[in-house]
1. Exactly one of these conditions fails for L213: (1) more than 29 Å from K138 (Cβ to Cβ); (2) assigned by TED's automatic domain parsing to the domain that holds T84. Give me its number.
2. Tally the residues that are closer than 23 Å to H190 by Cβ and assigned to a helix (DSSP H, G or I), restricting the search to the range 60-88.
3. Give the number of residues within the range 237-254 that are in a strand (DSSP E or B) and at pLDDT below 90.
4. Considering only the range 284-302, state which residues are over 19 Å from E221 (Cβ atoms) and surrounded by 15 or more Cβ atoms within 10 Å (Cβ to Cβ).
5. Taking the range 91-107 as the search range and keeping residues that are among the polar types (S, T, N, Q) and touching a residue at least 40 places away in the same chain (Cβ under 8 Å), which one is nearest to T196 (Cα to Cα)?
6. Enumerate the pairs (first residue in the range 69-85 and under 19 Å from N106 (Cα atoms); second residue anywhere and in a loop (DSSP other than H, G, I, E, B) and at pLDDT 95 or above) with beta-carbon separation below 6 Å, excluding pairs fewer than 6 apart on the same chain, so at least 6 apart or on different chains.
7. How many residues, within the range 99-121, are under 29 Å from the mean Cα position of the chain (by Cα) and either assigned to a helix (DSSP H, G or I) or closer than 25 Å to K142 by Cβ (or both)?
8. Every residue in the range 131-179 that is surrounded by fewer than 19 Cβ atoms within 10 Å (Cβ to Cβ), among the acidic types (D, E) and under 20 Å from the mean Cα position of the chain (by Cα), please.
Amino acid sequence: MMLIARFADRGLRMQIALVFGTLVVMLSVLLSLAFGELFKRRLQRDAGESLQMVAENAGKLLANGLLERSREAEVLASAEVIWTQGLEAPEAQHLLARSQATRPSNLWIGVADAQGVVRSATNGMLVGQSVSERPWFKAGIKEVHVGDVHPAKLLEKLLPPLASGEPYRFVDFAAPIRLGPTTVGVLGIHGSWEWTREVLESLTPPRSDESSLELFIFDREGEMILAPSGQTAALQAAGQRLPEGLHINNNRDGGRIDTAVVRWQDQQRYLTAATQLQPRNAPSDLGWLIVARQPVELAFAEA
């Protein structure tokens with residue numbers, strides 16, 4: 001009987017050990033899965049934060065660029081010592097030429113009188129022509145103005161073709177020229193849209209071709225106004241608009257990261273981050289949306 005009891009006792013201990021061993025294995029597996037999922041989510045969150053940072057940095061640089069250019073127009077327009085000599089004076093021509101040499105992306109700088117007739121301009125372009133119906137003149141005769149991107153109108157045939165083959169597009173900056181209480185004209189600047197592309201390209205990592213990280217700009221209506229690698233015209237023709245399902249970061253939420261996996265016009269899924277450009281002054285409040293995207297399989301490759 002004692003022998004049977006000892007065998008029974010050993011059997012019970014083995015069963016208990018087996019149960020506990022099984023529980024330990026199951027717990028280890030569950031913990032491994034849980035930590036694996038947490039690690040995966042952390043990697044995905046890090047990928048989203050990195051993408052968001054790229055979009056926000058692009059927004060800051062663009063906002064600074066718009067501010068600098070609007071101030072440039074304001075400073076040039078306020079040079080009374082030049083304008084008192086006349087809008088057509090050699091000193092005026094020299095001022096415009098020197099300003100363009102300092103910032104070559106300003107493809108045209110001109111001065112129109114109060115009636116909208118161009119009196120001085122870089123390289124003499126448009127001198128004698130009326131710009132009275134142009135939006136930059138209408139707004140600039142009242143106050144400092146920053147105009148949203150638009151195709152070239154009067155200057156398209158006067159400028160050499162772009163190497164990319166794309167049509168010229170400008171962002172306009174204008175300011176009234178006042179002598180005392182009298183507004184005698186408007187100073188206008190047509191800034192090349194290419195400077196925005198240069199800003200975005202400066203922020204894409206050296207290995208962005210491998211990671212397929214891309215930056216876009218959309219206007220306040222959700223229309224795409226800039227895409228990388230000369231894709232703008234093709235994507236616009238394909239109907240690409242601001243993708244649905246994005247949470248726009250307006251930079252007022254205390255570091256909230258707004259990224260989402262959304263489907264774009266090509267039916268591919270991208271990890272996407274968006275931020276609204278925060279203007280540095282009232283005239284440059286254009287409502288642009290800066291959007292960064294990366295294919296999901298590459299964004300989450302390490303996860």
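The values are calculated or read from the model by the stated rules, or taken from the named source; none is laboratory data. The structure displayed is predicted, hence computed values, not measured ones. Cβ: placed from backbone, ideal geometry, glycine included. Neighbour counts: every protein chain shown.
1. (2)
2. Residues flagged as closer than 23 Å to H190 by Cβ and assigned to a helix (DSSP H, G or I) within the range 60-88 amount to 19.
3. The first filter runs over the range 237-254 and keeps only residues in a strand (DSSP E or B), leaving 241, 249.
Retained after the next criterion (residues that are at pLDDT below 90): 249.
Count: 1.
4. Listed by number, the residues that qualify are A292, R293, Q294, P295, V296, L298, A299, F300.
5. Keep residues of the range 91-107 that are among the polar types (S, T, N, Q), which gives 93, 99-100, 102, 105-106.
Those left that are additionally touching a residue at least 40 places away in the same chain (Cβ under 8 Å): 105-106.
Details: S105: 10, N106: 12 Å.
Filtering the range 91-107 for residues that are among the polar types (S, T, N, Q) and touching a residue at least 40 places away in the same chain (Cβ under 8 Å), the one nearest to T196 (Cα to Cα) comes out as S105.
6. Partner pairs satisfying both residue conditions: S70/V144; E74/V144.
7. Of all residues in the range 99-121, those under 29 Å from the mean Cα position of the chain (by Cα) come to 99-110.
Narrowing the set further to residues that are either assigned to a helix (DSSP H, G or I) or closer than 25 Å to K142 by Cβ (or both) leaves 99-103, 106-110.
Residues meeting the conditions: 10.
8. Passing the criteria: D148, E166.
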